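One structure below.
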Amino acid sequence: MGVPLTGDNFLILAVPISKPLLNKDKKMDITIRIGGAAGQGLQSIGSSLTRTLAREGYHVFSHQNYMSRIRGGHNFYQIRLADRPLGCSKELVDILVALDRETIDRHRSSLSERGLVIYDQESLEEEFSEKGYLNVPAVRLTKEAEVDKIMANSVTVGALLGGMGIGLDSFEEVIHKTLGKKGEKVIEDNLKAARRGSEHLENKGGWPEELKAGKGKSKKLSLLTGNQGIGYGALASGCRFYSAYPMTPSTGIMIYLAGKAKKHHLIVEQAEDEIAAINMAIGASFGGVRAMTGTSGGGFALMNEGLSLAGITETPLVIAEVQRPGPATGLPTRTEQSDLLFVLHAGHGEFPRVLLTPGHPAQAIKLTNKAFELAEKYQITAIVQSDQFLADSEWTYSEIETDCLQYQDQRLHQKEDIPADYKRYILNESGISPLAVPGKGEGLVVADSDEHDEEGHIIEDAETRNKMVEKRWSKKLAALKKEISPPEFYGSDKPRVVLAGYGSNYGIMREAVDNLKDEKDIACLHFAELWPFPGTEEFDFLSILTEAELAICVENNISGQFARLVRAETGFLFPTSINKYDGRPFLLEPLLGEINERLKQL
């Protein structure tokens, strides 16, 4: 029932989840930032460039900063490439591609010492004669190539690839793959434009030697975003129904699944709102298939009553909640980790749930698979929580460990397994009643949103109420706790300094450790499975926190929600924290600066 990681089923292959995604060797490391207004094509430049670099075998990490409007407003697409795996973005920019003058004004101060600004003098109607500016006349070069000026972006990509010494071989492959349906003329015109850009730099020169990367030396790598990871994890888990109302930044999951729906016999339903979306998913799950819904904070607020419905009916359900800043509409296209406690305590009444918070796209595959398995095994709701940064950021991978992916069908499908006296909520030691598919046997499958007896019929008596609450809560929760993995530990075996965080801060905490470990005994703890909160039996992370001279909590919110959860569950109080809540992700250099400030306490 799972999906093999081959062919068209999976566009991206990932590194084994158990292997580190980062290392300390600092060799070639270049950051490119493409800035402009929405509608100027920076998405096409960034996307084609990122894919070309990955095909060359370069490790890439990209993220986007964009406004919630169709056209206008300042956006940028940032790409970091290196000859080693990466897990975060940097603040300092080596190559700034300015599609408008505002980009120069906004980002000139972020240029590194070797920084270079690429611009089109004709488009900006301004010439910059000082060192570090390089005019690439993209519009004029399209005219010379006798192609539409809309292909000026291909000129820019060609210039970048030519300047860095990478060449256009991989770019040609990307263009054929992405524009194949548009015909040979469109493909050839884009390639002609790219060649003009590359030749322009070869003839003119001016590209700094320290910003040359050269041809890739390893095998082709592929790209994966957080949303694609969740989507693929759902496919690999046998998901057959996905319903959602489009809400940034979760919409990418629906788009990914819709593109795979026909091949994998999956129904993807765009509901009229989030209330309908969760109720559709509950209905599909009750009907006998694995089902999922996805949204962001505002949509999840509408799902609360449905969440409780799934809780009392013990209907397996998976929800992807991809965070963005609130309250209300907040910043629709930005990132934050401010829904943690809301999601953890959402829904009226008391019923168990699972909360998983992946730190990178490959882990998103694994944890989405785990969410489906636990949801069906324990007949509960499992929530996979992400955020805009993880949802849209791209990581390079080479292969993925598939042995960890499971599919264990817990439902009763056979007529002989569903007798005439079947009781949907029969009481037993485990608290987990046999889950029958309606219509598959003689037994009647009854579910009710009121409190009910073993057969599913409404009750009012206190004794039955007590038994059903204990069935759903006490018995299941005790077993669920044993399913939760401890946090991942990375760094010094006996750290004086410990960084702790969850979700999308995985990569940046590891890179911070790599950058500081020669100066300090430092390590990080990354929590990816948050509820039930992990115990210390398998790995005593609490001793690491208490024995460190300084423990720092790193999270994207103002109130320290993760720190509060740790204190509530363990009693440990972080002496200091680093909180970011402006809607932007942590970047490496500012985080290192914040950590160094805290280290002055030692």
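Just a few scattered comments:
- Tallying residues that are free of Cβ contacts under 8 Å to residues at least 24 places away in the same chain and either surrounded by 24 or more Cβ atoms within 10 Å (Cβ to Cβ) or among the hydroxyl-bearing types (Ser, Thr, Tyr) (or both) within the stretch 92-113 yields 1.
- Checking each residue in the stretch 548-600 for being touching a Pro at 6+ places or on another chain (Cβ under 8 Å), of a type outside the set (Ser, Thr, Tyr) and either outside any strand (DSSP E or B) or at pLDDT below 95 (or both) picks out Ala548, Asn556, Gly583.
- Screening Cys88 on (1) closer than 23 Å to Gly167 by Cα; (2) in contact with an Asp or Glu (Cβ under 6 Å, 6 or more places away or on another chain); (3) modelled with pLDDT of 95 or more; (4) not β-branched (Val, Ile, Thr) shows it passes everything except condition (1).
- In the stretch 270-286 there is no residue matching the filter, namely being surrounded by 19 or more Cβ atoms within 10 Å (Cβ to Cβ), among the aromatic types (Phe, Trp, Tyr) and closer than 26 Å to His360 by Cβ.
- Single unsatisfied condition, Arg465 versus (1) among the basic types (Lys, Arg); (2) out of contact with any Gly (no Cβ under 8 Å at 6 or more places or on another chain); (3) within 30 Å of Ile230 (Cβ to Cβ): (3)
- Looking across the stretch 413-442, the residues that are farther than 17 Å from Gly287 by Cα and either in a helix (DSSP H, G or I) or without any contact (Cβ under 8 Å) to a residue 40 or more places away in the chain (or both) come down to Glu416, Pro419, Ala420, Asp421, Ile426, Asn428.
- Yes/no for Ala234 being closer than 30 Å to Pro325 by Cβ, assigned to a helix (DSSP H, G or I) and open to solvent by less than 50 Å² (accessible area, probe 1.4 Å): yes
Conditions tested, residue by residue: (1) at pLDDT below 95; (2) closer than 30 Å to Gly226 by Cβ; (3) of a type in the set (Val, Ile, Thr).
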| position | (1), (2), (3) |
| --- | --- |
| Gln388 | no, yes, no |
| Glu399 | yes, yes, no |
| Asp403 | yes, yes, no |
| Asp409 | no, yes, no |
| Ile418 | no, no, yes |
| Asp421 | no, no, no |
| Leu427 | no, no, no |
| Glu451 | no, no, no |
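- The single condition among (1) modelled with pLDDT under 95; (2) under 22 Å from Val174 (Cα atoms); (3) surrounded by fewer than 15 Cβ atoms within 10 Å (Cβ to Cβ); (4) not aromatic (Phe, Trp, Tyr) that Gly259 does not meet is (1).
- Flag for Lys370 being surrounded by fewer than 23 Cβ atoms within 10 Å (Cβ to Cβ) and basic (Lys, Arg): no
Residue-wise test of (1) under 22 Å from the mean Cα position of the chain (by Cα); (2) within 17 Å of Asp392 (Cβ to Cβ).
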position	(1), (2)
Lys27	no, no
Ile30	no, no
Leu42	yes, yes
Arg51	yes, yes
Asn75	yes, yes
Arg84	yes, no
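- Scan of the stretch 177-195 for residues that are touching a residue at least 24 places away in the same chain (Cβ under 8 Å) and open to solvent by less than 80 Å² (accessible area, probe 1.4 Å), ordered by number: Asp189, Asn190, Leu191, Lys192, Ala193, Ala194, Arg195
- Residue in the stretch 51-59 that is in a strand (DSSP E or B), within 24 Å of Gly583 (Cα to Cα) and of a type outside the set (Gly, Ala, Ser) present: no
- For the stretch 56-66, the condition of being under 12 Å from Leu99 (Cα atoms), among the small types (Gly, Ala, Ser) and surrounded by fewer than 22 Cβ atoms within 10 Å (Cβ to Cβ) holds for none of the residues.
- Among helices (runs of 4 or more DSSP H) entirely within the stretch 124-199, having at least 1 residues that are among the small types (Gly, Ala, Ser) and touching a strand residue (DSSP E or B) at 6+ places or on another chain (Cβ under 6 Å) singles out no element at all.
- Of the residues making up the stretch 245-264, not a single one is in a strand (DSSP E or B) and either touching a Ser or Thr at 6+ places or on another chain (Cβ under 9 Å) or farther than 23 Å from Tyr378 by Cβ (or both).
Okay, residues lined up against (1) touching a helix residue (DSSP H, G or I) at 6+ places or on another chain (Cβ under 8 Å); (2) open to solvent by 10 Å² or more (accessible area, probe 1.4 Å); (3) farther than 14 Å from Leu525 by Cβ; (4) touching a residue at least 12 places away in the same chain (Cβ under 8 Å):
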position	(1), (2), (3), (4)
Leu444	no, yes, yes, yes
Asp448	yes, yes, yes, yes
Lys471	no, no, yes, yes
Lys476	yes, no, yes, yes
Lys481	no, yes, yes, yes
Phe489	yes, yes, no, yes
Gly507	no, no, yes, yes
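- Output for the stretch 381-412, where each listed residue is in contact with a Ser or Thr (Cβ under 7 Å, 6 or more places away or on another chain), assigned to a loop (DSSP other than H, G, I, E, B) and either open to solvent by 40 Å² or more (accessible area, probe 1.4 Å) or of a type in the set (Val, Ile, Thr) (or both): Glu401, Tyr407
- Under the condition of being open to solvent by less than 40 Å² (accessible area, probe 1.4 Å), in contact (Cβ under 8 Å) with a residue 24 or more places away in the chain and part of a loop (DSSP other than H, G, I, E, B), the residues counted in the stretch 450-469 number 2.
- Residues satisfying the stated conditions in the stretch 49-90, i.e. closer than 22 Å to Leu591 by Cα, of a type in the set (Gly, Ala, Ser) and touching a strand residue (DSSP E or B) at 6+ places or on another chain (Cβ under 6 Å): Ser62, Ala82, Ser89
- Test: residue in the stretch 165-176 that is more than 20 Å from Leu223 (Cβ to Cβ) and touching a residue at least 24 places away in the same chain (Cβ under 8 Å): yes
- Residues of the stretch 13-32 satisfying the condition of being at pLDDT 95 or above and either under 19 Å from Asp514 (Cβ atoms) or open to solvent by 10 Å² or more (accessible area, probe 1.4 Å) (or both): Asp29, Ile30, Thr31
The values are calculated or read from the model by the stated rules, or taken from the named source; none is laboratory data. In this text the structure is predicted, and so the values were computed from the model without any measurement. Glycine also receives a Cβ, built like all others from the backbone with ideal geometry; neighbour counts cover every protein chain displayed. For the accessible areas, the whole protein counts, side chains as well, though only heavy atoms, and no ligand, DNA or RNA atoms are used. Shrake-Rupley method; radii C 1.70, N 1.55, O 1.52, S 1.80 Å.
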